[in-house]
Amino acid sequence: MDRLLHRFNPWWTEDFHPSAIPRQRYQHQLMSLVDTRDVVLVTGLRRVGKTTLLYLTIERLLENVPAGRIFYVSLDHMGLRDHTILEIVEEYRRINRLKHNEMAYLFLDEVHLKEDFELQLKNLYDEGNTKVFASGSASLEITMRSPHLTGRQRLVPVHPLDFKEFLAFNEVEVSPADTHLLAELAEDHVRYGGMPEYVRTRDMGYLQSVLDTILWRDVAGRHEIRNREMLADMLALVAQSVGSPLSTRKISKVLGVSTETVSRTIDLFVEANLIHRTEKEGKLSERKASPKKMYLADTGLFSILTEGVNLGAMVENAVYLALMRTGRVRYHLASGREVDFIARNTAWESKYKTRITEKDLVNLKGLKGPTKKVVITRDVEGREDGIDLLPLWRFLTRAAEGAG
């Protein structure tokens, strides 16, 4: 194990400067938590950039912390399969001759793969001489089966690249004089999504391999699912149905599997950060009884899941992803009239067109409650009958900047 841990931690013997494009929002958030006692849980879709963010945090820490006090390990390595987290940390302290009362900064990647990881992290927390950053491709707040970390954790969800990051990863700068280029760039962002490596290479084979790993290893492998074809079919059906409420009964009928199997599989997709669900706006009983709308965690996945989704549905998916980063999102449905999203006391409709008609506004006009109403367009901007018309590129820009 000694040799393996040295490989994971090159800064013990040499300078360390990871080659990575900064993601300032997350880097600032992680650094702001360094001096807290809480266990920091970094979660997100596989290959979304969690490990890179851990490395960038380590690079910053090395400016003020001795290299031997910083420890990184990827817990999915075969060489560590038979060792607990506590045993691995104990070996790290032995290698660096750190006493148990000496502070150490621990970066534990893919922590969810270790049995009872919550209890082991609690044990590290209780010792009081470590700062723990733990990451997982699964939603750690979902996979935790016990309350051991309640009140001791901070969750940092890492999302695919937003529009501003998408431009940075493509080395694109748009001056105020060239904002006419942003409409097509926003459309590119919708088509290619925000998986960092795919955004840079446009290698569809890479994206397929990521999805295969999630389906076959994170979902089928971890949960002993034999019908792998069913997994791919169900995810493709979700992709084809984006923007429409989709009940477990309908999925069950289309795929010929039980509703219990559908419910369990959808839960696993959510746990693996592959999809997000949103409920109908209304009372608790209405929300639970009504079908959910489901969206892919990254719009780039459409390209390998289905050819049957139009650009308008993909844009709606992108709008949802931007809104859900800022808080709760629900959809509205009453008297047969649906409004795409209710979020931040605003009603949002995605109408990816260059011409907005009266028909496109009718559902918003009849809606009572939200103080603001917005239609996301392709390039139309203005205000009509009290409804704001906002081009997709401007919406994505404001969302990336944290604006309303």
Subject >> Most mobile of D178, D212, D38 in a GNM of the chain (Cα contacts under 10 Å) >> reply: D178
Subject >> Volume of the Cα convex hull of the chain, divided per residue and given in Å³ >> reply: 159
Original post:
Based solely on its DSSP helices, what 222 nm [θ] is calculated for the chain when runs of n ≥ 4 H residues each add -39,500 (n - 2.57) and the sum is averaged over all residues, nearest 500 deg cm²/dmol?
Top reply: -11500 deg cm²/dmol
**OP:** Lys and Arg at +1, Asp and Glu at -1: add these up for the other residues within a Cβ distance under 9 Å of A220 and post the number.
**Re:** +2
**OP:** Taking every Cα atom in the range 114-228, find the radius of gyration and the maximum pairwise distance Dmax, and write them in Å.
**Re:** 19.7, 57
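Relative to the Cα centre, what is the charge dipole magnitude of the range 1-156, using +1 at the beta carbon of each Lys and Arg, -1 at the beta carbon of each Asp and Glu, and rounding to the nearest 20 debye?
Computed about the Cα centre, the dipole is about 320 debye.
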Original post:
About the Cα centre of the chain, what is the dipole size in debye to 20, counting +1 per Lys and Arg Cβ and -1 per Asp and Glu Cβ, all else neutral?
Top reply: 1280
Subject >> Two-decimal log10 I(q)/I(0) for the range 326-382, as the Debye equation yields it once each C-alpha is a single scatterer, q = 0.13, 0.14, 0.16 Å⁻¹ >> reply: -0.31, -0.36, -0.47
**OP:** Sticking to Cα atoms, compute the Rg of the range 307-404 to one decimal and its Dmax as the biggest Cα-Cα distance, whole number, in Å.
**Re:** 12.6, 37
Original post:
Taking the Cα atoms only, what angle lies between the long axis of helix 228-240 and the longest principal axis of the chain, rounded to 10 degrees?
Top reply: 40
Original post:
Which of these, H332, H189, H276, has the largest mean-square fluctuation under a Gaussian network model of the chain (Cα springs below 10 Å)?
Top reply: H332
Original post:
Residue farthest toward the positive end of the dipole of the chain, with Cβ of Lys/Arg at +1 and Asp/Glu at -1: which of V111, A272, G382?
Top reply: G382
Subject >> DSSP-defined antiparallel bridges as percent of all bridges, the range 248-404, nearest 5 >> reply: 60
Original post:
Once the range 163-400 is represented by equal point scatterers at the alpha-carbon sites, with solvent omitted, what log10 I(q)/I(0) does the Debye formula produce at q = 0.09 Å⁻¹?
Top reply: -0.40
Original post:
Between P18, P176, P160, which gets the highest mean-square fluctuation from a Gaussian network model of the chain, Cα cutoff 10 Å?
Top reply: P176
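Are there GluC sites (Glu not before Pro) in the range 370-404 that DSSP puts in a loop and that have at most 14 other Cβ atoms within 10 Å, and which ones?
Sites meeting the loop and neighbour criteria: E381, E401.
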Original post:
Among the trypsin sites (Lys or Arg not before Pro) within the range 182-259, which fall in a DSSP loop and have no more than 16 other Cβ atoms within 10 Å of their own Cβ?
Top reply: R202, R226
Subject >> Per residue convex hull volume, Cα atoms of the range 2-152, in Å³ >> reply: 112
**OP:** Could you tally the net charge around D76, taking each other residue with its Cβ under 15 Å from the Cβ of D76, Lys/Arg +1 and Asp/Glu -1?
**Re:** +3
Original post:
Whole-Å semi-axes of the range 288-332's equivalent ellipsoid, largest first, each the root of 5 times a Cα gyration tensor eigenvalue?
Top reply: 20, 14, 9
Subject >> Mean separation of Cα contacts under 8 Å (6+ apart) over length of the chain, as relative contact order % >> reply: 13
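Each reported figure results from applying straightforward, stated rules to the coordinates on display, with no laboratory input. What you see is a predicted model, and the numbers here were worked out from it, not measured in a lab. All Cβ positions, even for glycine, are placed from backbone atoms using ideal geometry, and neighbour counts span all protein chains on display.
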